[in-house]
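Taking it in order: structure first as structure tokens, then the write-up.
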Amino acid sequence: MNPLILLIFLPSFVCFFWLFTNFYLARRTSTFDVIQCFSIALIFYFLADGIYSTPGIAPEVLVYSRLFVVGAGPCLIPLLLLYFYKLHWRRPFRTIHFIWIVLPVSLLIAGVVFTEISERPVIARFLSDLFTIGSSIVPDYRGTTLWHFYIWTRIIFMIVIALELFVGVVYLLRFVIRDKVSFKHLWRFFFNGESIKVTELQIYNLLIIAIYIAAKLIFIKGFLDTHVWFSVLLAFLVSFGYSSLMFCSLFGEKESITLVQAKHVMFYNYNPAIKGPVVEIMMEELLEDSDSDMLVRFRDKVGDILHEESLTPKEITAVKEQMLRGAGVAGMWDDSLMTRFQSLMLNEQLFLQPSLSLADVAERLHTNKTYVSKMVNNTYNLGFPELLNTLRIDYAQQYLLSHKDARQDDIAKACGFLSASSFNNIFKKITGVTPKVWLISRETKRK
């Protein structure tokens, strides 16, 4: 037996993994029930698809795989739409949302009835010929039980899928247009540390799954039997897309996330050396998601804990006020964080890195970019971009004095700017003159 055959069933194993993972990690999310139903339907669909893609599979087994597809296939798109409905609107489901279940149940019952009437060995031979020769054999069975089996499990099944797909595409297009979904958001999420809506991130995961299903519809069983590597490649592709979809479902109660938040999904997986910064992140995230009532209750609990540590009433009051202003308990580590921030900027000269973002700095400090931004604003009375440019221009002035013959492009690159024009514009904005004029004025003063 070719060992690659086992890899064809990888998506099924991945579904089982996430089915149990979500049970332990995502039971409290409002989307838990619908995402679990989606995973169960996918398990049956991927099992059936794996059987279909296996070369030399027994014809009798194809009967069961066909019934799996007939029952699970029409459930996938409605369950996905219910998931997005819950994720986007945060509303409870109504009875009307589940009327679609009549279609897959009807198809499955019809398939089982016709299978029992025709007997499994007969259906098995029919399916084997159908997948090998093609639909040209169907007219020979017109009017028979096998013909009705084909109509219900193939023709009506495809019509149902087409209708569901049409509704799904219209729904997603409406969502894409209304929420202005753009690949730029995905780029900024990965490379600029910006947040992205969880629903938008899920759209890109669905594209991967859609590519998989489209490929399986295009390539017939004969091709898949002789090109096992292709089925394995698709199995890895859809396993990645589905895993990404399930990973994002862990954030189902957040409207948007950043890459830093995604990396810290398992908050308690830290080593003792970085416990302080990780706890800062947890507390900052929780405070951002809390309403005023939660903050008041939490403030009182923190006051009780601080009392036990023998802090003075004045110090306790200061901490409480700090929390209600939004700075949170993390304010107690301001000095430590500021020291590490200044070390990164001044000692390591991190500001000289082109395209340096606030998210990059926050990740190096093992903290939240919102907290770093507040700290910079409160300490320097500047936004992070302004502070970055100030440090670069200060460095550029020293560089100009020691490299008087350097080209503008070289100066810009050495000082962390992406282009000479950007360097000139920012230099003039901060100092009031161009680099060339500034250098001449400095030399004139020395004389």
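Computed from the coordinates by the stated procedures, all read-outs in this text should not be read as laboratory data. Only a predicted model underlies this, so the values are computations on that prediction, with no experimental measurement involved. We place every Cβ from the backbone using ideal geometry, glycine too, and count neighbours over all the protein chains shown.
Across T145, T367, T153, mean-square fluctuation computed from a Gaussian network of the chain (C-alpha pairs under 10 Å connected) peaks at T145. Footprinting exposure proxy ranking of L79, L206, fewest other C-beta atoms within 10 angstrom first, gives L206, L79. One decimal place: the segment S402-R94 gains 103.6 nm when fully extended, by the rule 0.36 nm per residue minus the C-alpha distance. Residue separation of D300 and Y395 scaled by 0.36 nm, minus their Cα-Cα distance, works out to 29.5 nm of gained length.
With both labels modelled 7 Å from their Cα along Cα-to-Cβ, the W229 to L4 distance reads 0.6 nm.
Dimensions of segment 386-446 along the principal axes, based on C-alpha atoms and rounded to the nearest Å, stand at 30, 21, 17, largest first. FRET efficiency for the pair Y85 and N192, taken as 1/(1 + (r/R0)^6) with r the Cβ-Cβ distance and R0 = 35 Å, rounds to 0.70.
For segment 1-125, the square roots a ≥ b ≥ c of the C-alpha gyration tensor eigenvalues yield an a/c of 1.5 or more together with a/b not exceeding b/c, which makes the shape oblate. Multiplying the residue separation of I133 and L418 by 0.36 nm and subtracting their alpha-carbon distance yields 96.5 nm.
When the C-alpha to C-alpha distance is required to be over 29 Å, the pairs from K184/K263; K374/K428; K180/K429; K184/K436; K184/K369 that qualify are K180/K429; K184/K436. Put in line by how crowded their Cβ is, counting other Cβ atoms within 10 Å and starting with the fewest, D300, D394, D360 read D300, D394, D360. Sorted fewest first by neighbouring Cβ atoms within 10 angstrom, R90, R66 come out as R90, R66.
Once both labels are positioned 7 Å from their Cα atoms along Cα-to-Cβ, the gap between Q349 and N381 label points is 2.9 nm.
Go ahead and run the numbers for FRET between Q342 and V105, Cβ-Cβ distance against an R0 of 60 Å, rounding to 0.05. Working from the Cβ atoms, E equals 0.40. For the chain, modelled as a GNM whose springs connect Cα atoms under 10 angstrom apart, the maximal fluctuation among F298, F114, F351 occurs at F298.
Helix-only mean residue ellipticity at 222 nm, the chain, DSSP H runs n ≥ 4 weighted -39,500 (n - 2.57), per residue, nearest 500. What is it?
It lands at -23000 deg cm²/dmol.
In the set [x] 4, 16, 20, 18, 15, 12, 9, 5, 2, 0, 0; [y] 5, 23, 33, 25, 11, 3, 0; [z] 4, 21, 31, 28, 13, 1, 0, the label that goes with P(r) over Cα pairs in 10 Å bins from 0, in percent computed for this structure is [x]. Find how many whole Å separate the alpha carbon centroid of segment 38-117 from the alpha carbon centroid of segment 136-197. Cα centroid to Cα centroid, the span is 13 Å.
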